[in-house]
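Chemist: Following this message is one structure expressed as structure tokens.
Bear in mind that the values in this text are calculations on the coordinates, not laboratory data. In this text the structure is predicted, and so the values were computed from the model without any measurement. Cβ placement follows ideal geometry from the backbone for every residue including glycine, while neighbour counts extend to all protein chains displayed.
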Amino acid sequence: MPLFGLTRLHIMSAQISALIERWQEGDDRAAEAIYNQHRESIFRLAYGLLGNAADAEETAQDVLAYALTSIRRYDPQRASFKTWLHTITVSRCRDRQRRRRLPSFSLSKWLQRGGDARDPALTPERHTTRAETYNEVWAAVQSLSQPQREAVLLRFWAGHTYQEMADILDCPLRTVQSRVRLAYKQLRAVLAPTQLTNIEGERAP
């Protein structure tokens, strides 16, 4: 990773550590800052896993409420704060998925929910083409098994390392790598190379 990237990560880590410390001391503004910084990320991951905006919103609030009230359970020596939050998010989404079947939804809506801005440089025809591509990609992602879908979203959208994914999913590192490899092989069988690029392009910074 470039030195700039490492510096940015260290700054972000120091900032969240300071906010956590302030919240543990009873500073409500720190809790609000933690909520605002992480809500969108949790919502997008939950929406990607659940496919329902209302459920994703409820899950995001549930995850953050739990995290803030159980903040002393967070151990920075074991995982980053983002990894801890995404672990809770996956767990809550799995609970919801056990109670109902995953509905159909389009990737274009998922991206829009995440704040994907409409590009004014694109013509209406290119907007339509891009939306169709997103829908085709997401239909392929939906066809994956739940473990493979989780792996794809955590790897190519949330940008987690394989070790972080193993911690989040509570499974061996090799299992995580295998899920990503098998999922990518399955996607490659039904999608064009340019469409696969759309999946890889969703990696978080």
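Chemist: Enumerate the amide H contacts of residue 52 below 5 Å, restricted to partners 5 or more residues apart or on another chain; note that Pro and chain-start residues carry no placed amide H.
Modeler: Distant-sequence amide H within range of residue 52: zero hits.
Chemist: Shifting gears a bit: Suppose R0 equals 22 Å; then what is the FRET efficiency for residue 36 and residue 14 from their Cβ-Cβ distance, rounded to the nearest 0.05?
Modeler: Calculated transfer efficiency: 0.80.
Chemist: Could I ask something else about it? If each residue of separation counts as 0.36 nm, what is the full-extension length gain between residue 143 and residue 28 once their alpha-carbon separation is subtracted?
Modeler: Details: separation 115, 0.36 × 115 = 41.40 nm, distance 4.28 nm.
Extra length from residue 143 to residue 28 when fully extended: 37.1 nm.
Chemist: Quick one: length gained pulling residue 58 to residue 99 fully straight, 0.36 nm per residue minus the C-alpha distance?
Modeler: Working: separation 41, 0.36 × 41 = 14.76 nm, distance 1.49 nm.
Length gained between residue 58 and residue 99: 13.3 nm.
Chemist: Between residue 73 and residue 177, what FRET efficiency follows from the Cβ-Cβ distance if R0 is 22 Å, with the result rounded to 0.05?
Modeler: E between residue 73 and residue 177, to the nearest 0.05, is 0.20.
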